[in-house]
Structures are given as C-alpha cells and as structure tokens.
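The values are calculated or read from the model by the stated rules, or taken from the named source; none is laboratory data. Note that the structure is predicted; figures quoted are calculated from it, not measured. FYI the Cβ positions are ideal-geometry reconstructions off the backbone, even for glycines, and counts take in every protein chain you see.
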Amino acid sequence: MTSELITDIGELRAMDPADADGSDAAAASVVRHDQAVVVEDGRVAWIGPAADAPAADHRTSVGGRACLPGWVDSHTHLVFAGDRATEFVDRMAGRPYEAGGIMTTVAATRDATDDELSRSAAALVDEAVAQGTTTIEAKTGYGLDVDTELRLARIAAQVADVVTFLGAHVVPSGVDRRTYLDLVTGPMLDAVRPHVGFIDVFCESGAFSPDESRAVLLTGRAAGLGLRVHGNQLGETGGVALAVELGAASVDHCNHLSAADVDALAGSGTIATLLPACDLSTRAPFAPARALVDAGARIALASNCNPGTSFTSSMQFQVATAVLQQRLTLEEALGAATLGGAAALGLDTGTDAVGSIRVGGPADLQVIDAPTAAHIPYRIGTPLTAAVWRRGRRTTGVTAVGGPR
C-alpha cells in the first residue's frame, strides 16, 4: 500500500457530521486552516495541521488552495444518445417546439449501439469528475422497452455508483397505458433488477398519476429497491405527498410546493432534491430552497444531467445557482451538494459513507483553484477544480495543482 500526503491546504471544509450539530450546513461551516490529509489504500488515514503531518510515500502540496469533499450528484440521466439542442433553442426563443421531447431521445437511444452509449456515458462521468464530482447516480428511462432498459441499466452500472430504474418516465408513443404499466412492473422490472438499487417514477400531469406512481413504487419496493420520485416539477401534482407517504429516499424537482408539502418534507426523512440548472434551462420557477431549509427539511442539490432540460454535469454550477438565485447560504449549498446528496442515495452511514472527509472514510475530495470555497459562487462560471481524488485515485481537474499561490 502506498500513501499520499496532501498538504498546504489553506482552507479545509471536511464536512464531517461529527464536527457539527447534525445539520449539513453546520458541518459545512466548520473551517480549518493550514491543514493536511493523508490518503492510503483509497481511504483517509489522517487529518490535521500540516505542521504535524506524518510521513507518507508521496507528497502533494496544494499551495494554500481550498479543499472540500467531492460532490455527490444524486440525480442524472447519463445514458442516452443524441441531443436536443434544437428544442432548447426553440424554448429559449419562446417558440413551441414540435420535436418529440423525451421520445426524441428514446428513439436515438434505441438506435445507438452499446459501445456508443457506454462511451458517451463514460465521457460524461469523466467530465463530472474533472469538475469535482466523486459519487454519481444514473437513471435508465430512455429505453422504455424491456431490451433497451436492460441495456441502459447494465451500462449505467458500469459507469455510475448508484443506478435507478426509471421505466416509468413516460408512456411511449403508440403504447396502451395499462399495458405499459404492466410491462414496467413486470418483465421490465424483472430484467433490470440485478443492475439497479432504486426505482423512480415521473409523477406529473402528462406522465403518471399518484395512484399509478404508487403502484409502480410499491412493486419496486417488493422487489427490494429503494424509492425515488420525480415530483411537483410542473405543478402541485401529488408527488411530494406520495414520496413522504411511502418513505422515499428523495423527491426530486420540488418546484411547486404547498405549505403542506413543505411541512410534510420537514417532518419526514425524505430528501428534497433540487435541480437548479433544470429550473434555469426551462425558465421554470426555482424550487423554494429557502422555505424548505427554514422549515427544517433536508435538501440535496443535483445536476439532473440530461439532453433535454439540463445538459450540464457541473455541480459547481448547481452550488453557485442555489446561492445566487435560491437564497441559500454558501454553507447550506455546500452541504446540500455533498452530505445531502449522500443521504438521498442512502450513502450517508457506515464506513463507506460519502460526502465528507473523515478518517476511515473514502478518500473522495477536491481541491479548487481558490483560497476559499466562497469563490465557487463568487467567481460565477469560472472552472475552479484543480485536482480530484476519487477513492484515493488522483485525477487532474479543469486547472492543475501547481506551485504556491
């Protein structure tokens, strides 16, 4: 086993829940200066003042830069083919688009080879890692038939840390609704089950009703899967209430919330996962992050990387947008993009918990080319990731760690 000393850390935000009162923002508020971290065998072996650091096989000076946990991106749709740039241009121009939306991507994905899909998904993961993401979820949902959903599940399992089955994305064109729901909860679920850990459903007007969504989720639960919900993106359509009722790990989007929805989330263990880039790209009302946090709900931030409504892999952008547009504090946004995402994926407990830098935990950390994490929202749109350690393996970020600043 070889060890690496990462030293001359100007600002360290380890976000260890043990350092705080239990809230993600409180953990992100704990700042230590002139620190060092020792990484060994993929895990954090030591944290402390740089002056007291033990010897290691290799030494990396980060020259006074800031260090924080790698991002945990708990909501993506990474496995697909093609893009929908024309649809985006029409949407930005205020023109109704005549393309097929999700079904455009479904058609392109069905036509793509496994190699094409694998290379595209792996490239997006590499892109995300280069920007500081060290844990990433990926959904199926662009196949909508048994064979293609199985292909997507297998490919997602090769590139992502957590895989979610989203056969209940929309009802495909030309397919009877009842027939399709039976397919999702029967042969399709049976096929993908060995490759996925969660089941998800798009509980919205035009997709699946709360009753239909409940049936899908309960079937998934009976198969041993965790539950996730796309809910309340387009209106107060019952997705949040359903997620809380069933004890789902997360309900994602949450743009349109009643006071009862906010209170229900605050009184539950369900994470409200907010997707700022999607809100911006679709010119939708931003999810009420401030109201959720003030009520005591736990939130996560995620990229929703997909070709239709949020074609970005940048978690740094989610943090910046949440601070600038959704009135979160820096610490609230940082906590939501790390510890909150970990909780949404059920990866927040045990020795393999992610979202923090702690002795014995996975060596998932990033160094940014700035003296403080405040530069993430402060330097809007600037690529700041200097270096990333994912399970202890170093990857160069957008900018490279060099000499002292």
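What number of residues in the stretch 153-185 are outside any helix (DSSP H, G or I) and either closer than 22 Å to Ala128 by Cα or outside the structural domain of Tyr142 (by TED's automatic domain parsing) (or both)? Step through it out loud before you land on a result.
Within the stretch 153-185, the subset outside any helix (DSSP H, G or I) is 160-176.
Now narrow it down to the ones that are either closer than 22 Å to Ala128 by Cα or outside the structural domain of Tyr142 (by TED's automatic domain parsing) (or both): 160-166.
Within the stretch 153-185, residues that are outside any helix (DSSP H, G or I) and either closer than 22 Å to Ala128 by Cα or outside the structural domain of Tyr142 (by TED's automatic domain parsing) (or both) number 7.
Mind checking which residues of the stretch 1-15 are among the polar types (S, T, N, Q) and modelled with pLDDT of 95 or more?
Result: Ser3, Thr7.
Could you check, for the stretch 365-381, whether at least one of its residues is under 12 Å from Arg43 (Cα atoms) and either at pLDDT 95 or above or surrounded by 15 or more Cβ atoms within 10 Å (Cβ to Cβ) (or both)?
Yes, that holds for at least one residue.
Which one is surrounded by the most Cβ atoms within 10 Å (Cβ to Cβ) among residues in the stretch 255-280 that are assigned to a loop (DSSP other than H, G, I, E, B) and touching a Gly at 6+ places or on another chain (Cβ under 9 Å)?
Thr270
Within the set of pairs 6+ apart or on separate chains, which have a first residue in the stretch 118-136 that is free of Cβ contacts under 8 Å to residues at least 60 places away in the same chain, a second that is surrounded by fewer than 18 Cβ atoms within 10 Å (Cβ to Cβ), and C-beta atoms under 9 Å apart?
Taking only residues 6 or more apart or on different chains, the pairs are Ser118/Gln158; Ala121/Gln158; Ala122/Gln158; Asp126/Thr395.
Among the residues of the stretch 317-332, are any in contact (Cβ under 8 Å) with a residue 24 or more places away in the chain and in contact with a His (Cβ under 7 Å, 6 or more places away or on another chain)?
Going through the stretch 317-332, the residues in contact (Cβ under 8 Å) with a residue 24 or more places away in the chain turn out to be 317-332.
Add one more test, that the residue is in contact with a His (Cβ under 7 Å, 6 or more places away or on another chain), and what stays is none.
No; the residues of the stretch 317-332 include none that is in contact (Cβ under 8 Å) with a residue 24 or more places away in the chain and in contact with a His (Cβ under 7 Å, 6 or more places away or on another chain).
Applying the selection to the stretch 120-152, what residues are part of a helix (DSSP H, G or I) and within 20 Å of the chain's Cα centre (by Cα)?
Within the stretch 120-152, Ser120, Ala121, Ala122, Ala123, Leu124, Val125, Asp126, Glu127, Ala128, Val129, Leu152 meet the criteria.
Got a sec? Which strands (runs of 3 or more DSSP E) wholly within the stretch 16-108 have at least 2 residues that are over 24 Å from Thr395 (Cβ atoms) and modelled with pLDDT of 95 or more?
Ranges flagged: 32-40, 43-49.
Given Glu149, Glu137, which one is surrounded by 24 or more Cβ atoms within 10 Å (Cβ to Cβ), under 28 Å from Ala25 (Cα atoms) and in the same structural domain as Thr282 (by TED's automatic domain parsing)?
Glu137
Based on this model, can you work out whether Phe317 counts as touching a helix residue (DSSP H, G or I) at 6+ places or on another chain (Cβ under 8 Å), of a type in the set (Phe, Trp, Tyr) and in a helix (DSSP H, G or I)?
For Phe317, the condition - touching a helix residue (DSSP H, G or I) at 6+ places or on another chain (Cβ under 8 Å), of a type in the set (Phe, Trp, Tyr) and in a helix (DSSP H, G or I) - is met.
Quick check on this structure: which one of Glu127, Glu87, Glu116 is under 30 Å from Ala320 (Cα atoms) and surrounded by fewer than 18 Cβ atoms within 10 Å (Cβ to Cβ)?
Within the list Glu127, Glu87, Glu116, the selection yields Glu127.
Consider Val359 against the criteria (1) more than 16 Å from the chain's Cα centre (by Cα); (2) aliphatic (A, V, I, L, M); (3) assigned by TED's automatic domain parsing to the domain that holds Pro383; (4) surrounded by 22 or more Cβ atoms within 10 Å (Cβ to Cβ): it satisfies all of them except one. Which criterion is unmet?
Of everything listed in (1) more than 16 Å from the chain's Cα centre (by Cα); (2) aliphatic (A, V, I, L, M); (3) assigned by TED's automatic domain parsing to the domain that holds Pro383; (4) surrounded by 22 or more Cβ atoms within 10 Å (Cβ to Cβ), Val359 misses just condition (4).
Only one residue in Ala260, Ala343, Ala300 is out of contact with any Leu (no Cβ under 8 Å at 6 or more places or on another chain) and touching a residue at least 60 places away in the same chain (Cβ under 8 Å). Which one?
Ala343
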